[in-house]
Each structure stands twice: as structure tokens, then as C-alpha cells.
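The values are calculated or read from the model by the stated rules, or taken from the named source; none is laboratory data. In this text, all values refer to a predicted model and were calculated from it rather than measured experimentally. For neighbour counting, all protein chains shown are included, and Cβ atoms are generated from backbone atoms with ideal geometry for every residue, glycine included.
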Amino acid sequence: MDKKDLLKLIEDDNLGILNIKPKQAGATTDERLLSSFQEINNFIKINGRKPMAGADLYENQLNYRLNSICEDNQKVQALSNFDEFNLLPKEAKEINSLKDIFEDDDLGIFENDKDKIFNLKFVSKERAQIDYIARRKICKNFYEFEEKFIQCHREIKDGKRKLLSFHRDYDMEKGMFFVLKGMLVYLADVGEKIKDEHGKWDARLRAIFENGTESDLLLRSLGKELFKDGRRVSELSEKSLDNFYNITKDDQETGYIYVVKSLSDKQEIKSINNLYKIGFSKIPVEERIKNAEFETSFLLAKVKILAIFKCYNVNPQKIELLLHKFFSESCLDLDIFDNEGNRHSPREWFIAPINIIEQAIKLLLKGEIINYKYCRDKEEICKKE
């Protein structure tokens, strides 16, 4: 083909086949990172939870991707503005001087009053300088705890565990779960208890968060955060003494200690906060309470089971009596009349926070309850002097 014919062919290219199009730029690394993280956000919006390991292939990939992002500080910083569900570890700003405070004044609080803050009145005794700040960091052996989180989620979904309110003086122990700002927290370790400057007991924790981070914050610090924005996760609905002793096939089951709450619609009962029955049964508790509305010992109303302790090689009736004696000062003083007009005075109902009752049962099973007493006015368990 000569040059003339070739030029004619180019001029007749009505379809633009020979037009040279500029090469389109591919997605940048940052765009790909953001897109992959948004997939995780979208999964949570749809499912109401984080992607879990051990699920289907897609969810497993999202779980692995999230853990990988959390381990890379550069990625964490790049995605911090898109972290809708607080999935990423947070790095707190270091404040070491007054200058740092002024320079970090994003809201302009100190703009007109920088000198006034030095005019001090009613100054309290100088507190010891804080020389340690607990921060979250990547949990390098998170794989050892991951199954515990999956199992806990499953038990909450199945109703075997419940999310309950957190009381400021709740007894936090190794192996317990809590929910802090919507995130599951596991207490992997509770260090040696020490007294702080105010004479209150404290301890250094190892707290594992379900997003793959951990912190060694203080027990009282975690308690304050949980009191403000947290919940405690109940133990399994049926607890067993094998949590405290090594139970074998040769051990004999002797009964159940249970704690229930009244579902009565009578105002004189409904109006009483923290009213619970501590009882004993040789038969399964579900069987024991099935006719509760016809029994004066249950205040002639249905009840809700809050805790069950299975007993081995012990006298559950004796345990029941010891608990009743321990809470005797807070025993319900109320008369119940049956259908025939006969008066009854149930003595198994007590007014005390549920977490305090659970704490007392644990102390009893450990043989330590003789060192403590229940302080009704404070609603807490106090050490005997």
C-alpha cells in the first residue's frame, strides 16, 4: 500500500478506531486502601457486628484484612478519619507541659484567658505526677483469645450470657468479659492488688479488645470507663462449682443454688429495686419455678432466672442458710396473703444488687465469706475489721 492510499484510509476512519486515547490513571494505593476498609464498614452496617474469623470465605477475608490494617501504623493513620466504628487502635496525644496544652487548644478555650489560669484559688494539695499512661497496642498473640470472643458472641446471641448494667464497685476478675463503648473486652490477667494514694485497692490489668489490641490499664480506670459507657457480660446462665473445684465423674451432684427476680405486677413489689430471691432446689431450677405464680415463696408471681450454681459434694441447704444469714439485714419484710386469706412472710427475698449477691456466692464457695460482711447502707461487701 502506497503512502497516498494509507493517508486516504486514515481520513476515512469514521469510527475513530485509530484515535489515540490518553491512558487512564489506575487507582492509587490510598484509594485501594480506603475502598478495602469501606468494605469492612459496610459489612458492619449490614450485619451489626465485626467480621469474624472462622466464618465464610468473604467474612474471613475481611477479618484478616482488618487485623492486618490494625498492625500497620501508617494504614491506621491514613484511615483514622474513616473509622466509623472505632475499629482502629487510637494513639493519644502526649501532653507533657502547659505549652502542649495551649498548642492543642483546637477549640480556642484559652485564647483570652491564658493569664487568668495562673490566678489560683482554693488550691488543693498537689497530686503526685502521673508517670505512666496506659495506651492500647497491637496484641501480638491475639490468636490465642480470638476463639473466646467468637464463643462469647455466640453465647450472647443464644441467650446464655446477658449484657447487664455495670456498678462502680463490681468485682472484676480474670476471665470476665465486658463491653466498653460497644466493643467486647476480655480480662486476660489481673495483677497484684495495691493501695493507691487514697487508700483504695487497685491492680494493673491485661485487657484484650476484640479489635486485636490490648492495654495494661488500671482496674479502677477501667471501672470508671465502664460505669460511664459500658456493660458487663454475665457469666453463663448455669454456673457450676467446677469453676471453683476440679469436678470428676466420681463427684456427686447435690442440688442447685439459684437467684431469681420477681415479675409481679403488684406495685408494692415492682417498686422495690434490687429485689431477688436466693433459693435452693434438688430438682432443675426450671422445673422448680414452673408454678411460681401459685406459690407464696415466689410472691405468687412468675420469676426470671438470673443465675444458677450447680453444687457438688456439699450441702446446698447449708449454703443457702449461710447466704440468708449474710444478707439478713436486707431481708424483705412483706406479708403475702394466699387465696384463702392466710398470711405468709417469705424469708428468701433480699434487697441487694445482683452483682453483690453473685460476689457473695463466689466468696462462700471459696470459703472466704467469713472474712466479709454485707453493708446494707453502702450496698457493698466490706471486709470485717
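Below is a table of values for the structure above.
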{"item": "Answer residue from the range 293-308, given it is within 17 Å of Arg343 (Cα to Cα) and of a type in the set (Gly, Ala, Ser) and is surrounded by the most Cβ atoms within 10 Å (Cβ to Cβ) among those", "result": "Ala301"}
{"item": "Residue that is among the aliphatic types (A, V, I, L, M) and modelled with pLDDT of 70 or more, where the choices are Leu7, Leu98, Leu15, Leu62", "result": "Leu62"}
{"item": "Hits in the range 136-190 (condition: in contact with a Cys (Cβ under 8 Å, 6 or more places away or on another chain) and under 11 Å from Ser234 (Cα atoms))", "result": "Arg161, Phe177"}
{"item": "Failed item, numbered, when Cys382 is tested on (1) exposed (fewer than 11 other Cβ atoms within 10 Å of the Cβ); (2) in a loop (DSSP other than H, G, I, E, B)", "result": "(2)"}
{"item": "Test: residue in the range 311-334 that is touching a residue at least 60 places away in the same chain (Cβ under 8 Å) and either in contact with a His (Cβ under 9 Å, 6 or more places away or on another chain) or charged (D, E, K, R) (or both)", "result": "yes"}
{"item": "Some residue of the range 105-127 being surrounded by 12 or more Cβ atoms within 10 Å (Cβ to Cβ) and at pLDDT 85 or above", "result": "no"}
{"item": "Looking only at the range 146-170, and only at residues there that are crowded, with 17+ Cβ neighbours inside 10 Å and part of a loop (DSSP other than H, G, I, E, B), the one that is modelled with the highest pLDDT", "result": "Arg161"}
{"item": "Filtered residues of the range 159-215 (kept if small (Gly, Ala, Ser) and over 16 Å from the mean Cα position of the chain (by Cα))", "result": "Gly191, Gly199, Ala203"}
{"item": "Identity of the residue in the range 32-53, farther than 20 Å from Thr213 by Cβ and touching a residue at least 40 places away in the same chain (Cβ under 8 Å), that ends up surrounded by the fewest Cβ atoms within 10 Å (Cβ to Cβ)", "result": "Gln38"}
{"item": "Given (1) surrounded by 17 or more Cβ atoms within 10 Å (Cβ to Cβ); (2) touching a Leu at 6+ places or on another chain (Cβ under 8 Å); (3) among the polar types (S, T, N, Q), index of the condition Gln359 fails", "result": "(2)"}
